[in-house]
Each structure stands twice: as structure tokens, then as C-alpha cells.
Amino acid sequence: MEVSVPNPIKLSFYYRIADQLITQANQCRNEKKITDLYWTINRYCSLVSIIARHQSYSTYSSEEKLHHSKIREEFTKELELLKPQLGCISLSERDHSSPNSDESNVSKGNIGLTSATTGESCRSCTSPSSTFSNTETVCIVNIHLVTQSFPSPTLSFVHDMPCGSGVSHIDIADSTREHSGHSYQDIHISARLMDDFMELASDNTKQDVETCGILGAFLKDSIFYVTTLIIPKQEATSSSCQARNEEEIFAIQDEHSLFSLGWIHTHPSQTCFMSSIDLHTQFSYQVMLPEAIAVVMAPTDPSRNYGIFRLSNPGGINVIRECDERGFHSHQEPSDGSPIYEECSNVYINPNLRLEIFDLR
């Protein structure tokens, strides 16, 4: 049974993501990248099915709904035409549709979502593995440097990174490795991302107040590159953080047409874990983009100072989707025996990425 749920994330934002996927699909089609095209339009069709379950869908613009309904119909036909062209590529591996898209209720999250912008070429990318591999493949990434800042140049700064060093895989313990049956696109993050975020969060951290930021990424040759960090206006306590003035974040996202690949936040005096509120926030991101990650920075945790997490799929996704509670609360264990969230095994540190930070506070 499909049940509409209260949703703090505006329906217009879901349509922003859908428009991004249309743009991405057009680019893949023009560049004749069949595999990426299949992935993109499949993800679009899944997202549109989720949009139809949003609480505000019935009152939303009929013109907008009809527009995307027609595109979905065209994309569904194109998917069937693309399948024979994929050849030996397993469609089950390429099917990265949104979690349980045929049943999903739309997000029950607690943080504003968005993304934004820029980077420079990555000259070598290691193949994914459980440990760092010396096997390298060349991938040329052409990225246009963004020179215009929002809302003003004084609120944005850019780091130039050396290009000689290589990409390294973030290794994780076998006990915490992702056990989901889904395959995900690889993710590259800037080597400066976490350190620079902690520097910007330092004043709050000293006062035992959380800080949050949004991760912006673009997709190129089946890899997501996180090249932008947005620090929104926000309200926070020692155990929570809420983004405000989301229109400012959306303006950056719309200008640069990049994906919202998750979020980063601090636990100033707590250990490195995902709280119940964090899990609902992560669901907001992951229901729209299954690759979305949650980076938790815990500077006082003696065992580890950061973690990169994702809800298990389908186990954790199902638990959070069915939970209507708010605030801090307990969750039942997933019925499939998996943990409710896991560490990500598809994330790489890339020192060749250019990082741009927008601090909107």
C-alpha cells in the first residue's frame, strides 16, 4: 500500500534533481556514452516514480507533472532500445535505481539538500578494490573552473591541488564493509575536503555545537567527483544541525547543475556513529541518489575521527522508510540481518581534485 508521508523537503527540489538527470542524459547521449546514458535515464525513471508519492504531489503544477510524465514515457522506451547495445555489461549491475523505487515513500529527512560545483582533471584513477590497488587506468576529466562566486567572492575560496600524487582508496574493516547487494558508482572526494570542513567548523566545535555542510558532485565516466562543499546558514546544538535558507543552496545547484551527493557534519563531543536523526537525514539523500554518503567528523573519538556511511540497501532503507518517529529514538534491526547502516566501500581520496567551498553563514 502506498502511503503519503509528511515531507520536509520541497517537491521542487526533487524536480531539480530530475532536471539534472535529464541534462546528464542529454550529455551522455551526445557523447555516445551508452552505459552512462542507461544508468542516468534508469535513475530518472525511478526518481519520477518516487516523486508521485510526495505529500505535495496532488497540488503541484499540472504542467510540471505532465512534462515529466512524457519524458519518463520516452525514457522508458529508450531504456528498452539501449539494452541490446550494452552487450556483455550486466544490466543487473547497471541497474542503480533508487532504493525500492516501486514502494518507496519519499524522504523523512531533517536537513536541506543541495549541491554545487567545480574541479580539475584527474589524471589517474585506481580501480576499485577492498584495498588500494596499484592497477591504474587513465581517465581524462575535462572540468571548467568556476570563477563566479555566490553570493559574493568573499564567501568563496578555492584550493589548487598538486597533480602528481595518486588516488587512494579509503579502506575499511571487513566487519563494517557494505554487505548490500547493490553496486554503486565510485566516488572521488578531494583530499582537502574533511580538513577544510573541520577548520571552518572549529569555532562551533570548541563550543560543542554541530556544523553541517552539503556535498556537491558531478558525474563523469561513471564516477562521481565531489568538488564542492557548501556550508549553509544553519541552526545547531550539541547533537543536531538544521540547514536554513535553502534557496541560497538551490541557487548554487541550479547554476552549476551538479548532484547532491550527501552531507558532512560534526559530532563535536560524541563518537563516530550515525544517530537516529542522522539516519533519517541520510534517507533523504539516498532515496534520490543511492550513492549519497554521510560523512561524520568526530574529533574527540579516540578510535577514529571520521566515518563515511550509507544506509544498507534494502535493510536499512526499509527500516527508515517505515519509521514515523521524530527526534532521538531507537530503530528495529533490518529483517535481512544486515546492519541499519554501513561504511562505504566505493570512496576514494583524490588529491588532484580542485575543491571549492561556499560558506553562506
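The values are calculated or read from the model by the stated rules, or taken from the named source; none is laboratory data. None of these values were measured; they are calculated from a predicted model. With ligands, DNA and RNA removed, areas are computed over all heavy atoms of the protein, side chains included. Shrake-Rupley method; radii C 1.70, N 1.55, O 1.52, S 1.80 Å.
Couple of notes before you dig in:
- Average projection area in nm² (convex hull over Cα atoms of segment 222-341, one quarter of hull surface): 8.6 nm²
- Whole-Hz couplings from phi, Karplus 6.51/-1.76/1.60, listed for segment 289-306; x for Gly and Pro: 9, x, 6, 3, 10, 10, 9, 10, 9, 10, x, 9, 6, x, 8, 6, 9, 7
- Less than 5 angstrom separates the built amide H of Ser345 from those of Glu178, all sequence-distant by 5 or more or on a different chain.
- For segment 281-356: accessible area per residue (Å², 1.4 Å): 33 Å²
- Largest first and in whole Å, the equivalent-ellipsoid semi-axes of segment 266-320 read 22, 10, 9, each the square root of five times a Cα gyration tensor eigenvalue.
- Our summary gives segment 201-268 a relative contact order of 41 percent, counting only alpha carbon pairs under 8 angstrom and 6 or more residues apart.
- In this entry, segment 194-245 is assigned a mean projected area of 4.3 nm², taken as a quarter of its C-alpha convex hull surface.
- ³J(HN,Hα), Karplus 6.51/-1.76/1.60, whole Hz, each residue of segment 322-329, x for Gly, Pro: 8, 9, 9, 6, 10, x, 7, 7
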